[in-house]
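Enquirer: Have a look at the structure that comes next, please.
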Amino acid sequence: MLRSLFFLTFLFLPNLAWSADVPTLSISLGEAEDPESWFTGLKIIASLTVLALAPSILVMMTSFTRILIVFAFLRMALGTQQSPPTQILIGLSLFMTMFIMMPVWNQIDNTALTPYLNEEITQAEAMEKAINPLHAFMLHQTREDDLILFINAGSIEKPKTAEETPMYVLIPAFVISELRTAFEIGFLIYIPFVVLDLVVASVLMSMGMMMLPPVMISLPLKIILFVLVDGWHLITASLLASFK
């Protein structure tokens with residue numbers, strides 16, 4: 001899985017980086033003998049810049065965004081401040097992303113990476129075969145309205161089929177679709193905890209205990225309710241089911 005991820009990362013580098021054998025990297029300031037040498041230096045800098053941003057780009061093209069936002073909503077609904085810690089939520093989101101995206105990584109490995117390493121296909125063919133599984137995954141999770149939004153905004157001719165949607169259109173549409181889905185799940189998570197807060201506040205008000213913060217009573221009740229219904233199992237199962 002990791003080698004497929006690294007391979008996909010390098011596919012997002014400028015194509016010119018693949019046009020020759022892998023060179024020894026040396027960056028220095030000096031006079032260029034010809035414009036081509038100067039342009040080659042700019043290509044190397046551009047490649048390093050894209051490589052630095054590649055992890056963030058790939059995170060936005062997987063299930064990571066939806067999972068992390070839902071967990072953040074869950075923590076806010078519980079009102080437990082920094083528990084679980086942010087590092088735990090990010091780590092859990094990463095491993096769940098690996099689990100969900102494993103079929104995609106395996107397909108990239110089998111159809112693109114392994115044949116390319118065995119010199120059975122060219123770099124251009126490997127790039128196309130590697131992007132196709134990721135394109136299919138993102139397209140399946142993207143709403144049609146979001147795709148139409150970016151197609152119309154870019155004055156692009158509408159593709160004959162959804163599979164022909166360009167990646168630069170699909171990626172932002174996929175991201176806002178993921179944000180919408182995550183907020184919908186977060187809203188559903190909030191409902192029972194808000195109801196519990198209202199009940200506790202009403203009971204304290206009726207008892208004349210207006211100086212006692214309702215959160216002091218509702219917080220342990222929300223935690224024990226979440227534990228009794230096996231909340232982590234339910235949330236995880238719902239997230240996994242949302243990607244099918």
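Enquirer: Restricting attention to segment 227-244, which residues are outside any helix (DSSP H, G or I) and open to solvent by 90 Å² or more (accessible area, probe 1.4 Å)? Give the steps one after another, and end with the answer.
Expert: First, pick out the residues of segment 227-244 that are outside any helix (DSSP H, G or I): 229-230, 243-244.
Across segment 227-244, the qualifying residue is only Lys244.
Enquirer: Is it the case that Thr65 is among the hydroxyl-bearing types (Ser, Thr, Tyr), in a helix (DSSP H, G or I) and within 30 Å of Leu188 (Cα to Cα)? Quick ask: steps written out before the conclusion?
Expert: On the way: among the hydroxyl-bearing types (Ser, Thr, Tyr): yes; in a helix (DSSP H, G or I): yes; within 30 Å of Leu188 (Cα to Cα): yes.
When the stated conditions are applied, Thr65 passes them.
Enquirer: Hey, another quick one. What residue, of Ala162, Ala136, Ala153, is modelled with pLDDT under 80 and open to solvent by 40 Å² or more (accessible area, probe 1.4 Å)? Walk me through how you get there before you give the answer.
Expert: Details: Ala136 fails: modelled with pLDDT under 80; Ala153 fails: modelled with pLDDT under 80.
None of the others qualify; the one that does is Ala162.
Enquirer: Does at least one position in segment 23-39 carry a residue that is out of contact with any Leu (no Cβ under 8 Å at 6 or more places or on another chain), at pLDDT 65 or above and open to solvent by 70 Å² or more (accessible area, probe 1.4 Å)?
Expert: Restricting attention to segment 23-39, the residues satisfying the condition of being out of contact with any Leu (no Cβ under 8 Å at 6 or more places or on another chain) are 23-39.
Next, from what is left, pick out any that are at pLDDT 65 or above: none.
Checked segment 23-39: no residue is out of contact with any Leu (no Cβ under 8 Å at 6 or more places or on another chain), at pLDDT 65 or above and open to solvent by 70 Å² or more (accessible area, probe 1.4 Å).
Enquirer: Select from segment 213-226 the residues that are under 13 Å from Ala201 (Cα atoms) and part of a helix (DSSP H, G or I) and list them in ascending order. Steps first, answer last, please.
Expert: Step one: of segment 213-226, the residues under 13 Å from Ala201 (Cα atoms) are 213-219, 221.
Answer for segment 213-226, where residues must be under 13 Å from Ala201 (Cα atoms) and part of a helix (DSSP H, G or I): Pro214, Val215, Met216, Ile217, Ser218, Leu219, Leu221.
Enquirer: Here's something else I'd like to know. Are there any pairs with C-beta distances below 8 angstrom linking a residue in segment 183-210 that is over 14 Å from Ser238 (Cβ atoms) and small (Gly, Ala, Ser) to a residue that is surrounded by 12 or more Cβ atoms within 10 Å (Cβ to Cβ) and at pLDDT below 85, with the two at least 6 apart or on different chains, and if so which?
Expert: What qualifies is Ala201/Pro214; Ala201/Ser218.
Enquirer: So, in segment 86-120, exactly how many residues are open to solvent by 60 Å² or more (accessible area, probe 1.4 Å) and closer than 30 Å to Leu219 by Cβ?
Expert: Counting residues in segment 86-120 that are open to solvent by 60 Å² or more (accessible area, probe 1.4 Å) and closer than 30 Å to Leu219 by Cβ gives 6.
Table: residues versus (1) open to solvent by 40 Å² or more (accessible area, probe 1.4 Å); (2) more than 17 Å from Asn132 (Cα to Cα).
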position: Val169; (1), (2): no, no
position: Ile176; (1), (2): yes, yes
position: Thr181; (1), (2): no, yes
position: Phe187; (1), (2): yes, yes
position: Pro192; (1), (2): yes, yes
position: Val195; (1), (2): yes, yes
position: Val199; (1), (2): yes, yes
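Enquirer: Looking only at segment 201-226, which residues are among the hydroxyl-bearing types (Ser, Thr, Tyr) and buried (at least 16 other Cβ atoms within 10 Å of the Cβ)?
Expert: Our first condition is that a residue be among the hydroxyl-bearing types (Ser, Thr, Tyr); within segment 201-226, this holds for 202, 206, 218.
Once the filter is applied, which keeps residues that are among the hydroxyl-bearing types (Ser, Thr, Tyr) and buried (at least 16 other Cβ atoms within 10 Å of the Cβ), segment 201-226 yields only Ser218.
Enquirer: Further question: Which helices (runs of 4 or more DSSP H) does segment 86-175 wholly contain that include 2 or more residues that are of a type in the set (A, V, I, L, M) and without any contact (Cβ under 8 Å) to a residue 60 or more places away in the chain?
Expert: Ranges flagged: 86-108, 123-141, 144-153.
Enquirer: Sticking with this one: I need the full set of residues from segment 152-178 which are acidic (Asp, Glu) and in contact with a helix residue (DSSP H, G or I) (Cβ under 6 Å, 6 or more places away or on another chain), in order please.
Expert: Applying the first criterion (acidic (Asp, Glu)) to segment 152-178 yields 157, 163-164, 178.
Of everything in segment 152-178, just one residue is acidic (Asp, Glu) and in contact with a helix residue (DSSP H, G or I) (Cβ under 6 Å, 6 or more places away or on another chain), namely Glu178.
The values are calculated or read from the model by the stated rules, or taken from the named source; none is laboratory data. Since this is a predicted model, take the numbers as computed values, not measurements. Every residue, glycine among them, receives a Cβ derived from its backbone with ideal geometry; neighbour counts consider all protein chains shown. Remember, those area values only see protein heavy atoms, side chains included, never the ligands or the DNA or RNA. Shrake-Rupley method; radii C 1.70, N 1.55, O 1.52, S 1.80 Å.
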